[in-house]
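The values are calculated or read from the model by the stated rules, or taken from the named source; none is laboratory data. What you see is a predicted model, and the numbers here were worked out from it, not measured in a lab. Counting neighbours? That spans all protein chains shown, and the Cβs are built from the backbone with ideal geometry, glycine included. Quick note on the areas: whole protein, heavy atoms, side chains included, nothing else; ligands and nucleic acids left out. Shrake-Rupley method; radii C 1.70, N 1.55, O 1.52, S 1.80 Å.
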Amino acid sequence: MKMDKRRKVDWYLIAILVLSAFLFGWGIWDAGSANGYYTAAITSMTKSWHNFIYGAFDPAGFITVDKPPVALWFMAISAKIFGVHGWSVVLPSVLAGIGSTFLMYKILTPKFGAWTGRIAALVFTITPTVVANERTNNMDAILVFFLLLAVYVLTRAVYKKNIWLVMVSFGLIGVSFNIKMLQAFMILPGMLVFYWLATKVNWKKRLAWLTAGMASLAVFTLALPMAVDAVPASQRPYIGSSQTNSLMELAFGYNGAERLLGQSTGTGGAFPGMGNKNKSSKTSKSGQNGQPTPPTQNGKNATANKGQMPAGGPGQANGRAGGPGQMGEGQMGGRPGGMMNGKKGKGGMGGAGGAFAIGNAGPFRLFQDDLGSQIGWFLPLSIIGMFAGYFVFRKRGNKWYQVSDEQSEVLLWAGWLVPIYGFFSVAGFFHPYYTIMLAPAIAALTAIGVVAVKRLLGQKDSMGSVVGKALISLGLVSTTALQAYYAWDYYPALGIALVVIAVLLSAWWWLPNQKFTKLRSILSALVVAVLAGWWALTPTLAHNSAQIPFAGPSLLQSGKGNGGGMMSSKVDTDLLNYLEKHQGNAKYMAAATNTNPADSYIIKSGRSIMALGGFNGTDPTMTLAQFKHLVKTGQVRYFIAGGMGMGKSSTGQIGKISTWVQKYGKQVNYNGKKSTTTSTTSQQGGPGQQSTTLYDLSGTVK
């Protein structure tokens, strides 16, 4: 009789995948333009292979976005198939999130069992920043998927002793580099430690395979940047946010060392870090499209410098109500949204104070409210799981330097968690949503810890059972106390109740009666998951697909959608109609200092607007003389000022161009007045104002 080789369906996994699809995908039809900066690029990429390959921001291919194009390729393909919509550009992130959930299960199940894989997949799915990220067209969701795919392939390579899979695994890290650059390399320490300890071949072959893997990593990492940099600058777009028009420089500068040391390019002033000395939720300012108004510039406080936007934003950012040339706290300054329904400091990001509210640098930064409310919910459990898993799965008889297969996987996830934890503890330039990088390791180590504790509890009449109960008590109380802290400004009574319940459950675990073990386990899981699950649910209920993604109850107070992101200007229909009617043979419908408000007009019209200074308005793309030549030859006729598009604080050549436009350009009476105040959408979906002026440059250069 033949055995039935059909695999049994894991309905628990199916349920978790359905949950992830709901959390990540429900309501994305209200995504609006999601991250308008990248959606404009996706719009442009659907128009030509040239734009597609380079990730051009505008249809004319003048400048790229500030990241490599790989993640955008998936989004552009989706947009080409379904049309450019909020949901179509977000769809690849949703699918990547579901794929990541599945990979969590696939990586952990072989060595630790199905329940470990299920728990890891569930914890990953209900981590608040994961849900927020998977609902946007930022790069992070796709990056995490490729990193998990690399780890999965590496585990298969090790256990199957296959050199080709080793090369594929490290090659996938190279692909990941071309999604978000050096951020992809943060998991390499864990992968290398795991490979060396877990591979069961002699050391010579192990070294040879590793050399092949590193060669694959180098090829897939450098092929695209070197190929792009080898193309003459006149035949490709300018590399956005670089200072030397180089993708390699972008990788190791703006998207590399400056993430750790603080941004010093692309802002018009040094940016040594956020929240290192003062509570960031009170002091940090958010600039255009999520870029910073630095707390310090050249050693001076931003307020002392009258709050000028370093990147050419429209004047004041010091919390005053936003008239023309100003922006109030309800738009971008301080905690976005300021007071919301009486919840001081919680209106901005559900616990995180803004795009750059990252707490005080130090070993406990990730536990602080700003970052912890997005990623810290299961962090205590993961730390407990890391130590418990390593010691519990030690094979009896092994020497101290010998590790079991299970221990090597614990070290894999510890090698993912610890370096990234260290980076976020000291780094000076990142957004809170970047902490999604920690989510897979936190989920995996939490699940491993649960299984390790279960094994300890099975050691009856021994010290193991006592240690297991102690770890349960520590995990329950520490986790619920931390979560109550995050939820305090919203649900203080609930937070207290959960801590009390956790203490009672902890005591219950110590009772000698072994009945109702399953009930105790279920209640313990609910207690540590209920608040995190609620936080994770808020972006879904709010249909939120923000440019600066976050999770928290403030989303439910500020309404659905928020698709425009941090500071996305709405299209002025009169202005767009005027430009479309009068563009004539000009290559560019208009020019602006930076990508806002260019992105919204590109998305709406499909026509090109030249973002002279890139994302921040300070990229040295051309000189004043070169810009005058474009005007003289009729390639550029109009200039959009305001709308975060031009200001007196622009620096370098872009500042000179801005000054020249203001001095010699003729203000256009395109809707019955020379300038107009247009509505905006803040990160929380709240209203703001921007002053927009259109200049006609024809005839200014003879």
Subject >> Rg(Cα)/(2.2 N^0.38 Å) for the range 389-474, N = residue count >> reply: 1.32
Original post:
Out of residues 5 or more away from residue 84 or on other chains, whose amide H comes under 5 Å of its own, with H placed 1.01 Å from N in the peptide plane?
Top reply: none
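Quick check: residue separation of residue 530 and residue 233 times 0.36 nm, minus the Cα distance between them. What number comes out in nm?
In short, 101.6 nm is gained.
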Subject >> the range 385-435: chymotrypsin sites (Phe, Trp or Tyr not before Pro) in DSSP loop, at most 16 other beta carbons within 10 Å >> reply: 400, 401
**OP:** Starting from one equal scatterer on each C-alpha and no solvent at all, send me the Debye-based log10 I(q)/I(0) for the range 364-424 at q = 0.11, 0.19, 0.21, 0.24 Å⁻¹, two decimals.
**Re:** -0.31, -0.73, -0.83, -0.97
Subject >> Peptide ranges 136-143, 37-44, 468-475 listed from the most packed, as the mean C-beta count within 10 angstrom indicates >> reply: 37-44, 136-143, 468-475
Original post:
Given 5 Å bins starting at zero, what is the percent of C-alpha pairs of the range 108-194 in each, up to the one with the largest pair distance?
Top reply: 3, 13, 20, 21, 21, 15, 6, 1
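Please state the shape class of the range 49-172: rounded when a/c is under 1.5, otherwise prolate if a/b exceeds b/c and oblate if not, all from the C-alpha gyration tensor.
In terms of gyration-tensor shape, oblate.
How large is Rg/Rh for the range 449-498, to two decimals, with Cα atoms and a Kirkwood Rh? Walk me through the numbers before you get to the answer.
On the way: Rg = 14.4 Å, Rh = 12.0 Å.
Reported Rg/Rh (Cα atoms, Kirkwood Rh): 1.20.
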**OP:** Classify the range 375-520 as rounded, prolate or oblate, taking a ≥ b ≥ c as the square roots of the eigenvalues of its Cα gyration tensor: rounded when a/c is under 1.5, otherwise prolate if a/b is larger than b/c and oblate if not.
**Re:** oblate
**OP:** Among 141, 113, 131, pick out the residue whose Cα is farthest towards the positive end of the charge dipole of the range 98-167, where Lys and Arg carry +1 and Asp and Glu carry -1 on C-beta, about the Cα centre.
**Re:** 113
Subject >> Distance in nm between pseudo-label sites at residue 202 and residue 581 (7 Å out along the Cβ direction from Cα) >> reply: 8.2
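Using only the C-alpha atoms of the range 133-250, find the volume of their convex hull and express it per residue in Å³.
Each residue corresponds to 110 Å³ of Cα convex hull volume.
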Subject >> Taking the range 1-131 and dividing mean pair separation by its residue count, relative contact order in percent (alpha carbons under 8 Å, at least six apart) >> reply: 25
Original post:
Using the Cα atoms as the points, what is the convex hull volume per residue of the range 179-220 in Å³?
Top reply: 65
Subject >> Radius of gyration, Dmax [the range 580-641; alpha carbons; angstrom] >> reply: 11.2, 31
Original post:
If amide H atoms are built 1.01 Å from N in the plane of the peptide, which residues on other chains or at least 5 residues away come under 5 Å of the amide H of residue 360?
Top reply: 280
**OP:** Averaged over every viewing direction, what's the projected area of the C-alpha convex hull for the range 52-123? Give it in nm², one decimal, please.
**Re:** 6.5
Original post:
How would you order 191-200, 11-20 from highest to lowest mean count of nearby Cβ atoms within 10 Å?
Top reply: 191-200, 11-20
**OP:** Tell me the label-point distance for the pair residue 463, residue 182, using the 7 Å Cα-to-Cβ offset, in nm and rounded to one decimal.
**Re:** 4.5
Original post:
Taking amide hydrogens as modeled 1.01 Å from N in the peptide plane, which residues meet the under 5 Å criterion relative to residue 667, leaving out close sequence neighbours?
Top reply: 696
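How big is the Rg/Rh ratio for the range 190-254, C-alpha atoms only, Rh by Kirkwood, two decimals?
Values: Rg = 17.4 Å, Rh = 14.3 Å.
Taking Rh as the inverse mean 1/r over Cα pairs, Rg/Rh reads 1.22.
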**OP:** Go from 0 up to the bin containing the longest alpha carbon distance in the range 5-96, width 10 Å each, and give me the % of pairs per bin.
**Re:** 17, 40, 22, 13, 6, 1
Subject >> the range 385-523, relative contact order in percent, only Cα pairs under 8 angstrom and at least six apart counted >> reply: 20
Original post:
What accessible area, in Å² to the nearest ten, does a 1.4 Å probe give for residue 211?
Top reply: 80
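How do 85-91, 435-441 rank on mean C-beta neighbours within 10 Å, highest first?
Going from most to least packed, we get 435-441, 85-91.
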Original post:
How many nm is it between the label spots at residue 426 and residue 11, if each spot is 7 Å from the Cα in line with the beta carbon?
Top reply: 5.1
**OP:** Provide the FRET efficiency to the nearest 0.05 for the residue 504-residue 402 pair, computing r from the beta carbons and using R0 = 41 Å.
**Re:** 0.50
